[in-house]
Amino acid sequence: MTKLKMSSAQMVADARARIEEIETTDLIAMLEDPDVVVVDIRDIRERQRSGFIPGSFHAPRGMIEFWVDPDSPYFKDIFAQEDKKFVFHCASGWRSAITTATLQDMGFKAAHLKEGFSTWEKQGGPIAFPEKKPYSLSS
């Protein structure tokens, strides 16, 4: 295999050097702030398996640039709120670091949860789980 020009670890390190990182305990304290929007970029299966931060908005990693861009046909109105502080998170802080740096490059102001969801419950963060839908033959 050809050696890559840059490793994923280097991409994460470069992103972290230029974005705002929020500690888990600090985000827990910010949860009640109506001006903070927590955005979960994990896969839907991760949210189902591990739970999620109550009140967080789910935006799959593969769509985030399109959902944030007002010129995109996939734009989501939640990202039009200029007076809000957007804090992105994934499981360990790697995907959200790269995502936040990319959004910053696009001109969208955001921060990310430094250690991701991995330390959330251990540090006292509340967790919610999706409602389980009853099984039916028609689904």
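Rule-based calculations on the coordinates, nothing more; no lab input. Computed from a predicted model, the values in this text were never measured in an experiment. No Cβ is skipped: glycine too gets one built from the backbone with ideal geometry, and neighbour counts run over all protein chains shown.
Before moving on, here are some points about what is shown:
- Here is the tail figure for the chain: Cα pairs spaced more than 25 Å apart come to 30 percent of all pairs.
- Per-residue Karplus couplings for segment 66-74, computed as 6.51 cos²θ - 1.76 cosθ + 1.60 with θ equal to phi - 60°, are listed in order as 6, 6, 7, 7, x, 8, 8, x, 9 Hz, Gly and Pro entered as x.
- Of 127, 98, 64, the residue with the greatest mean-square motion in the GNM of the chain, using alpha carbon springs below 10 Å, is 127.
- Degrees, to the nearest 10: 94-106 long Cα axis against longest axis of the chain: 60
- GluC sites (Glu not before Pro) restricted to segment 49-128 and DSSP loop, no more than 11 other C-beta within 10 Å: 82
- Per DSSP, loop trypsin sites (Lys or Arg not before Pro) in segment 1-52 with at most 10 further Cβ within 10 Å: 3, 5
- Counting only residues at least eight positions apart within a chain, or on another chain, the lysines with an alpha carbon under 21 Å from that of residue 122 are 114.
- Segment 16-90: chymotrypsin sites (Phe, Trp or Tyr not before Pro) falling in loop per DSSP and having at most 13 other Cβ within 10 Å: 74
- Over segment 6-106, Cα pairs under 8 Å with separation of 6+ residues give a relative contact order of 36 percent.
- Straight-distance crosslink candidates among lysines, where the alpha carbon sits under 20 Å from residue 109 and sequence neighbours closer than 8 are dropped: 76, 84, 85
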